[in-house]
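A short worksheet on the structure shown next.
The values are calculated or read from the model by the stated rules, or taken from the named source; none is laboratory data. All values reported here derive from a predicted model rather than from experimental measurement. A quick note on method: Cβ atoms are made from the backbone with ideal geometry, for glycine too, and the neighbour counts reach across all protein chains shown. With ligands, DNA and RNA removed, areas are computed over all heavy atoms of the protein, side chains included. Shrake-Rupley method; radii C 1.70, N 1.55, O 1.52, S 1.80 Å.
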Amino acid sequence: MATTIATQKPVAMTGNGGCALAMKQINPDVVAAYPITPQTTIVEEFASYVANGAVDTEYINVESEHSAMSASMGASAAGARVMTATSSQGLAYMWELLSIAAAMRLPIVMHNVNRALSGPLNIHCDQSDSMGARDMGWIHLFGENAQEAYDNTIMSIRIAEHADILLPVMVLYDGFIISHAIDRFEVLEDADVKAFVGERIPERALLDTDNPMTFGPFVMPAYYTEHRYAMRNALMKAKDVVLEVSKEYGALTGRTYGLFEEYKLDDAEIGIVVIGSTAGTAKYVVDEMRAKGIKVGVLKPRLFRPFPAEEIAGALSHLKAVAVMDRADSLGAAGGPVSLEVASALYGVANRPEVQGYVYGLGGREVGPDLIGSVVEDLQKIAAGDKPTTAAKYLGVKE
Amino acid sequence: MATIKELSKREDLLSGGHSLCAGCGASIAVRQVLLGVRGPVVCGSATGCLEVSTTSFPMTAWKTSFIHNAFENSAATMSGVEAAYQVLKRKGKIPADKRIKFVAFGGDGGTYDIGLQSLSGAMERGHDMVYVCYDNGAYMNTGIQRSGATPFGASTTTSPAGKAGQGKPQWRKDLTQIMAAHHIPYVAQASVSHWKDLVDKAEKAFAVEGPAFLNVLAPCPRGWRVPNDMTIEIAKLGVQTGFWPLYEIVDGEYKISFKPKELKPVVDFLKPQGRFKHLFKPGNEQLLETFQSEVTKSWEKLKKLAGVE
Ligand SMILES: Cc1ncc(C[n+]2csc(CCOP(=O)(O)OP(=O)(O)O)c2C)c(N)n1
Ligand code: SF4
């Protein structure tokens, strides 16, 4: 089938600029947001789109992230298409509402530009913010670079609003590394984005006053479990919808996305699992190692919630050893959140590969090819018979 | 302003069958406020007695569109609903002639304390909505804990009267004045005992363009330790003693809506309530005097603001 790919133009922009542009092209009904580094430039740029009449969004300058999420929820329940953005403490400040938003089945799309949680206070990149909010019923979509952040923004609208899903989506990417660095990427024309995202037609809405409805009721034990079960089922279905929407987007743009990306993994003996911008560095290291005859590959999760455990286990099962790199720690657990997920996904696999967890890059600590090179060396030893440590190894700690 | 005959023909938008206590002031406040709105209305509520007792899934007592989000964000949630209305109307997704009103309810805890930021933000931004605080002077839903609205001397489960403590040691904060400082077009204080005044104020609040705030005295028989059938009477005493003056601030202009020739002594309001029982023990006369002098001072100040003798 000959598919015609839409005309796109290359731009040089920051990740945040790309996401603000995607928001402009989506032209959401309501945006309620509060500034926090490194997210701020999204809402600033979007405010200028509003001020210049480039969008006809109702932009609510709320007094806190708690109210940003509250207002987003009110607007979404009213029937509007809603977007917002935050980072770190801002996301933490919304925490109470994140689970209510999912339970109320409100398809809000929110950028969370990944930043370390306090304390100590740190504005730089790691993923401890969104990882701390991973069990709230939101869909978590990670991007590696500005292109993916832009693309995920547009796809998320469709995923969130899909009739089988109706759940909020977090579009995630690394603070500063992606949000503030200028990258070259392809953008669609406004009309194509508009056609792709379509209109939101809510089945239930507060503003449909002829059919009054109570949102957010009080629920006794007799029904609570059923509500959570319905959320779980919808969230698990998101896997299929992500694939479906990504396929359609691929036909439009020529850029195909799955639940995760595999890089030289087919014939690999050892593999690195890593989310976000570091996956780019890991791929570079893989190329270097491959030139030396080392059979290493990368698996880059894109969809983290719901976690595609079966699919990821399938993609890793032929390896001898897997390194899972976490840019967040799950304090008090054996390792970071991704390593725990991967280890548990592999648990049922016969002859499963050894899994070694690593915690790296916290609070914006530099992650270069050398550091990833050291992981590969480590992994070769494990593939040759060394036992992995139960607790994840902290990379690059100054002792 | 509607007559009682007209009001009697209007539909109650909060139905019976909810599980609020007998004699609860909150539901009376809500029904009277909703009698003041004509046409479609979207209601919101903070977590608290009102919300948990009217929305127990799969039932609902609300005949209107209704949203509950969390404890402290009823105003922010309604900001979003109102913003959605403005934009969907502008985009032609809602008929241009469809007028919808918006009202957020919150108890005193959800309004004076934890929700103050969200309320202040919503008022400052100027959303076209009415915020109603049903003030029963404590966190009733969690078992009568003190709030910023709890009166001086009241015994609550977190400000109990005992050997060393004599109930809440602080004066209550004056939220109505805080709201007036937001320069919003309409602010009023009302009481469930003065139904006509309350419905009239609700009508005015819904009529203004922009934010309006109503603070409604809504006794809680359980927390105030009064009989269930005393709600209206005790609220009336609150007004007659000057503890809860009825007034409004329209575009910054103060107007007292009910001027008793002479205020009744505040003990008339305190005495019937079990939560003030300890104040009447020998040795606590000073506390009663303090209470009285604070009420008198506030009343005099209000009269000055309203330019009356
Ligand atoms: C963030 C948060 N803190 C505490 C609570 C517990 N809580 C629920 S309702 C309530 C008190 C409500 O008091 P008020 O607003 O005065 O309303 P009332 O119950 O008196 O009607 C509290 C403390 C909560 N739900 N959320
Ligand atoms: S405890 Fe008080 S406020 Fe709560 S329902 Fe009963 S009377 Fe009403």
Of (1) assigned to a helix (DSSP H, G or I); (2) more than 18 Å from the chain's Cα centre (by Cα), residue A:239 satisfies all except one. Which?
(2)
Only residues that are among the charged types (D, E, K, R) and under 18 Å from residue A:138 (Cα atoms): list them for region A:196-243, please.
A:226, A:228, A:232, A:237, A:239, A:240
How many residues, within region B:102-115, are away from ligand 2 (no atom under 16 Å from the Cβ), in contact with a strand residue (DSSP E or B) (Cβ under 8 Å, 6 or more places away or on another chain) and either more than 10 Å from chain A (Cβ to nearest Cβ) or part of a loop (DSSP other than H, G, I, E, B) (or both)?
2
Would you point out which residue out of A:93, A:34 is in contact (Cβ under 8 Å) with a residue 40 or more places away in the chain, out of contact with any Leu (no Cβ under 8 Å at 6 or more places or on another chain) and closer than 17 Å to residue A:110 by Cβ?
A:34
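Looking at residue B:193, is it among the hydroxyl-bearing types (Ser, Thr, Tyr) and within 16 Å of ligand 2 (Cβ to nearest atom)? Before the answer, list the steps.
Values: among the hydroxyl-bearing types (Ser, Thr, Tyr): yes; within 16 Å of ligand 2 (Cβ to nearest atom): yes.
Against the criterion (among the hydroxyl-bearing types (Ser, Thr, Tyr) and within 16 Å of ligand 2 (Cβ to nearest atom)), residue B:193 qualifies.
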For region A:157-169, indicate whether the set of residues that are buried (at least 24 other Cβ atoms within 10 Å of the Cβ), within 14 Å of another protein chain (Cβ to nearest Cβ) and touching a strand residue (DSSP E or B) at 6+ places or on another chain (Cβ under 9 Å) is non-empty.
yes
Looking at region A:290-312, which of its residues are crowded, with 23+ Cβ neighbours inside 10 Å and more than 17 Å from residue A:341 (Cβ to Cβ)?
A:296, A:297
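Would you kindly identify the strands (runs of 3 or more DSSP E) lying entirely within region A:51-114 that contain at least 3 residues that are within 11 Å of chain B (Cβ to nearest Cβ)? Before you say what the answer is, go through the steps one by one.
Details: elements: A:58-61, A:82-86, A:109-114.
Of the strands (runs of 3 or more DSSP E) lying wholly inside region A:51-114, those with at least 3 residues that are within 11 Å of chain B (Cβ to nearest Cβ) span A:58-61.
Restricting attention to region B:229-269, which residues are without any contact (Cβ under 8 Å) to a residue 24 or more places away in the chain and either under 14 Å from residue B:177 (Cα atoms) or in a strand (DSSP E or B) (or both)?
Passing the criteria: only B:253.
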Per the filter on region B:149-166, residues open to solvent by 10 Å² or more (accessible area, probe 1.4 Å) and over 17 Å from residue B:109 (Cα atoms) are B:160, B:161, B:162, B:163, B:164, B:165, B:166
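Can you find, within region B:116-137, the residue that is nearest to ligand 1 (Cβ to nearest atom) among those that are over 23 Å from residue B:225 (Cα atoms), assigned to a loop (DSSP other than H, G, I, E, B) and more than 10 Å from chain A (Cβ to nearest Cβ)? Spell out the reasoning first.
The first filter runs over region B:116-137 and keeps only residues over 23 Å from residue B:225 (Cα atoms), leaving B:116-132.
Within this subset, residues satisfying the condition of being assigned to a loop (DSSP other than H, G, I, E, B) are B:126-129.
If we keep only those that are more than 10 Å from chain A (Cβ to nearest Cβ) too, we end up with B:126, B:128-129.
Values: B:126: 24, B:128: 24, B:129: 18 Å.
Result: B:129.
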Among the numbered conditions (1) within 21 Å of residue B:268 (Cα to Cα); (2) open to solvent by 40 Å² or more (accessible area, probe 1.4 Å), tell me where residue B:230 comes up short.
(2)
Is it the case that residue B:84 is open to solvent by less than 10 Å² (accessible area, probe 1.4 Å) and modelled with pLDDT under 95?
no
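If I go through region A:272-309 residue by residue, how many of them are in contact with an Asp or Glu (Cβ under 6 Å, 6 or more places away or on another chain) and closer than 20 Å to residue A:256 by Cα? First the steps, then the outcome.
First, pick out the residues of region A:272-309 that are in contact with an Asp or Glu (Cβ under 6 Å, 6 or more places away or on another chain): A:276-277, A:279-280, A:295, A:299-300, A:307.
Narrowing further to those that are closer than 20 Å to residue A:256 by Cα: A:276-277, A:279-280, A:299-300, A:307.
Number of matching residues: 7.
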Residue by residue through region A:1-50, note down the ones that are hydroxyl-bearing (Ser, Thr, Tyr), assigned to a helix (DSSP H, G or I) and surrounded by fewer than 16 Cβ atoms within 10 Å (Cβ to Cβ).
A:48
Could you go through region A:214-230 and let me know if any residue there is at pLDDT 95 or above, more than 14 Å from every other protein chain (Cβ to nearest Cβ) and open to solvent by less than 30 Å² (accessible area, probe 1.4 Å).
no
Out of A:15, A:79, A:74, report the one residue that is small (Gly, Ala, Ser) and out of contact with any strand residue (DSSP E or B) (no Cβ under 8 Å at 6 or more places or on another chain).
A:79
Just checking: which of the helices (runs of 4 or more DSSP H) contained wholly in region A:275-387 hold 2 or more residues that are under 25 Å from residue A:155 (Cβ atoms) and within 23 Å of the chain's Cα centre (by Cα)?
A:278-291, A:309-316, A:337-346
Pull out all pairs, ordered by first then second residue, where Cβ-Cβ is under 7 Å, the residues are six or more apart or on different chains, the first lies in region B:11-25 and is among the hydrophobic types (A, V, I, L, M, F, W, C), and the second is crowded, with 17+ Cβ neighbours inside 10 Å and in a loop (DSSP other than H, G, I, E, B).
B:13/B:64; B:14/B:61; B:24/B:220
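Conditions (1) within 27 Å of residue B:31 (Cβ to Cβ); (2) modelled with pLDDT of 95 or more; (3) of a type in the set (Gly, Ala, Ser), marked per residue:
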residue: B:97; (1), (2), (3): no, no, no
residue: B:121; (1), (2), (3): no, yes, yes
residue: B:125; (1), (2), (3): no, yes, no
residue: B:133; (1), (2), (3): yes, yes, no
residue: B:148; (1), (2), (3): yes, yes, yes
residue: B:166; (1), (2), (3): no, yes, no
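For a quick check of your reading: which helices (runs of 4 or more DSSP H) sit entirely within region B:12-93 and have at least 1 residues that are within 7 Å of chain A (Cβ to nearest Cβ) and of a type outside the set (Phe, Trp, Tyr)? Quick ask: steps written out before the conclusion?
Working: elements: B:25-35, B:49-54, B:74-90.
Output list reads B:49-54, B:74-90.
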If a residue must be open to solvent by 60 Å² or more (accessible area, probe 1.4 Å), in contact with a Pro (Cβ under 9 Å, 6 or more places away or on another chain) and within 16 Å of ligand 1 (Cβ to nearest atom), how many such residues does region B:1-58 contain?
2
